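Student: Take a look at this one; I'll ask things after.
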Amino acid sequence: DVSVLAGKGIFVLPADAPADRFRLPLRVQGALWLRDSGPHRDVVNEAINGMRAQAALGSLPYLLMHIARDAAPTDRWDEAEAAYLEGIQFARETGQSTDLAVSLAGLACLNARRGRVDACRDNVVAAEELCRRYHIRLGSFWLQFAQGDLAAGLGDTAGAVRHYEALQSALAATCIADPDQSCAPELVEAYVHLGRLEDARRVATQFAAGAA
């Protein structure tokens, strides 16, 4: 079995145990969740290559989405895009609607950040129907984030606020307090641009308290 020693980035897999379709996803998630940047990050590429070799295609879209999500906030945008696109391709080939919707929504966020207006809107349209039909909340959250970032980049600060507020309300309604899903920093910045300083202070204080 996989054991994760939090904070140390150590992953133990019995030498005589095959790296099957269940262990490999766990090994990748451990490296990503711990934000490990040391030699244990090699486990990500090892797992992906192992799954390709074993033809465990059903797990690849999910893992590729996590890899893309991990790279997107950094300057590794090309790596994130490649992982999203490959994940989307595999999800379509294997008929995995949830992974397809979430990867499309993630790609929409990335394209919004890169200022790719048409590509972002195409991703939103493609993902919205899937998220609505299958009640995929995570994808819906990311679509709000993407549209908020896109509006902000286009100078439509009021439009950005509408999307960011909708996202914050949806997160609160589902009792999700994960700072990685929150758009509070972006909402604070938008409030400041609009001169809504009290709202900016309120959201900043709430976010700081929740992230502590």
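The values are calculated or read from the model by the stated rules, or taken from the named source; none is laboratory data. In this text the structure is predicted, and so the values were computed from the model without any measurement. Positions of Cβ are generated from backbone atoms using ideal geometry, with glycine treated the same way; all protein chains shown enter the neighbour counts. Accessible surface areas use protein heavy atoms only, side chains included; no ligands, DNA or RNA. Shrake-Rupley method; radii C 1.70, N 1.55, O 1.52, S 1.80 Å.
Student: So for the pair D180, H193, with labels modelled 7 Å out along Cα→Cβ, what separation do we get in nm?
Tutor: The modelled label-to-label distance comes out at 2.7 nm.
Student: Could you look at the stretch 64-212 and say what percent of its accessible area is carbon and sulfur, using a 1.4 Å probe and all protein chains?
Tutor: 53 percent
Student: Note down the nm distance, to one decimal, between modelled labels 7 Å out along Cα→Cβ at S97 and at D156.
Tutor: Label-label distance for S97 and D156, simple model: 2.9 nm.
Student: Using the heavy atoms of the protein chains and a 1.4 angstrom probe, tell me the accessible area per residue for the stretch 70-212 in square angstrom.
Tutor: 51 Å²
Student: Multiply the residue separation of L85 and D122 by 0.36 nm, subtract the distance between their alpha-carbon atoms, and state the gained length in nm to one decimal.
Tutor: Separation in residues times 0.36 nm, less the Cα-Cα distance, equals 12.0 nm.
Student: By average Cβ neighbour count within 10 Å, what is the ranking of 193-200, 127-134 from highest down?
Tutor: For the peptides 193-200, 127-134, the packing ranking is 127-134, 193-200.
Student: Please compute the contact order of the stretch 75-212 in relative form: average sequence separation of alpha-carbon pairs under 8 Å and at least six residues apart, divided by the residue count, as a percent.
Tutor: 16 percent
Student: Please say if the stretch 92-212 is rounded, prolate or oblate, where rounded means a/c under 1.5 for a ≥ b ≥ c the square roots of the C-alpha gyration tensor eigenvalues, and otherwise the choice is prolate for a/b larger than b/c and oblate otherwise?
Tutor: Since a/c reaches 1.5 but b/c is at least a/b, the shape of the stretch 92-212 is classed as oblate.
Student: Shape verdict for the stretch 147-209, please, from the Cα gyration tensor: rounded (a/c under 1.5), prolate (a/b greater than b/c) or oblate.
Tutor: Oblate.
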